[in-house]
Amino acid sequence: MNVNNLVENGFEVFPVNGKKPLTEHGYLSASSEILQVWEWERKYKNCGWGFRLDQQQLIVIDVDNHGNNDGNQSIKANFTDEQRQFLSSCVYDKTPNNGYHFFLRLPDLFAKKLKATYQPFKGVEIKTVCINYYDNIRNGSLFDVPIAPDWALKLLKDKPVNNYSSSDFKARGHHKIASYWVKNLKDLMQGTEQGNRNVWLTSVCGTWINSGLSADEVFKLVQFANMNLTHPLDNKEILTIFNSIYRKDCK
């Protein structure tokens, strides 16, 4: 399935150079409009493509076998025989560096707020927002993606910073969770001096990403925080800050 087939079937895509989005707004510019895709093809000759997972209720188990990573070994060491057999039957995309993108579909009633990336094991990441597309799909098509089993959903709990679950409320006490959010809201309202705006917004953006909020929620908070500054940055600078934090999560 090439990129035009993806678009024709409702997938939102965006051009990339390696792992770097070529559009000004990164994956937020992703489109399912075929005319827009043709325009990108004309503008960015021989570009690669990424597409949004979150718009299709998809996640990817990204097995990296490049450089110091040996994702295959991590899969062998941490997955049961049954789990490895399940993965081997899943739809996957083969990456240029001998890695694998195994596609899974979230259950219809799945409501957990997800980070863009989880890393349960060395060389193994779970992508939830976007992913590069290499057009090496095996074991079927992206319309044959199975529902993620419980053991795979549990991989979405690699102790993300400040991403508290209901059990954390019991273990830590409600007052500690409340004080965490009170501090962040206080920071948001106080803002910072004009010379520190970029650094401050980058810091709070990273904090909110690690809190488990969705990409759209973080972006709206960053916009709100910027509006509370005495001298707000223009929207282009806000997008640059946001994309700089999220860009590394789109592989």
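The values are calculated or read from the model by the stated rules, or taken from the named source; none is laboratory data. Being a predicted model, the structure only gives us computed values, none of them experimental. Note: ideal-geometry Cβ built from the backbone for every residue, glycine included; neighbour counts use all protein chains shown. In case anyone asks, the SASA skips ligands and DNA or RNA and just uses the protein heavy atoms, side chains included. Shrake-Rupley method; radii C 1.70, N 1.55, O 1.52, S 1.80 Å.
Condition first: in contact with a strand residue (DSSP E or B) (Cβ under 8 Å, 6 or more places away or on another chain), among the polar types (S, T, N, Q) and either over 23 Å from residue 239 (Cα atoms) or surrounded by 15 or more Cβ atoms within 10 Å (Cβ to Cβ) (or both). Now tell me which residues in segment 1-30 satisfy that. Steps first, answer last, please.
First, the residues of segment 1-30 that are in contact with a strand residue (DSSP E or B) (Cβ under 8 Å, 6 or more places away or on another chain): 1, 3, 6-7, 11-19, 21-23, 26-27, 29-30.
Of the ones still in play, those that are also among the polar types (S, T, N, Q) are 17, 23, 29.
Once the filter is applied, which keeps residues that are in contact with a strand residue (DSSP E or B) (Cβ under 8 Å, 6 or more places away or on another chain), among the polar types (S, T, N, Q) and either over 23 Å from residue 239 (Cα atoms) or surrounded by 15 or more Cβ atoms within 10 Å (Cβ to Cβ) (or both), segment 1-30 yields 23, 29.
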Legend entry - Number of positions in segment 9-21 that are within 29 Å of residue 153 (Cα to Cα) and either in a helix (DSSP H, G or I) or more than 17 Å from the chain's Cα centre (by Cα) (or both): 2
Inset, instruction - Taking only segment 31-53 into account, find how many residues are open to solvent by less than 40 Å² (accessible area, probe 1.4 Å), touching a helix residue (DSSP H, G or I) at 6+ places or on another chain (Cβ under 8 Å) and either of a type in the set (A, V, I, L, M) or touching a residue at least 60 places away in the same chain (Cβ under 8 Å) (or both). - result: 5
Legend entry - Count of segment 115-124 residues which are open to solvent by 30 Å² or more (accessible area, probe 1.4 Å) and under 16 Å from the mean Cα position of the chain (by Cα): 2
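Let's see how each residue does on (1) in a helix (DSSP H, G or I); (2) not basic (Lys, Arg):
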| residue | (1), (2) |
| --- | --- |
| 23 | no, yes |
| 38 | yes, yes |
| 55 | yes, yes |
| 59 | no, yes |
| 73 | yes, yes |
| 84 | yes, no |
Legend entry - Cβ-Cβ under 8 Å pairs, at least 6 apart or on other chains, segment 77-90 side among the basic types (Lys, Arg), far side surrounded by fewer than 14 Cβ atoms within 10 Å (Cβ to Cβ) and part of a helix (DSSP H, G or I): 84/76
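Of everything in segment 90-109 that's assigned to a loop (DSSP other than H, G, I, E, B) and open to solvent by 50 Å² or more (accessible area, probe 1.4 Å), which residue is nearest to residue 51 (Cα to Cα)?
Checking each candidate, the answer is 96.
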Legend entry - Candidates 81, 93 - the one that is under 30 Å from residue 218 (Cα atoms) and of a type in the set (Asp, Glu): 93
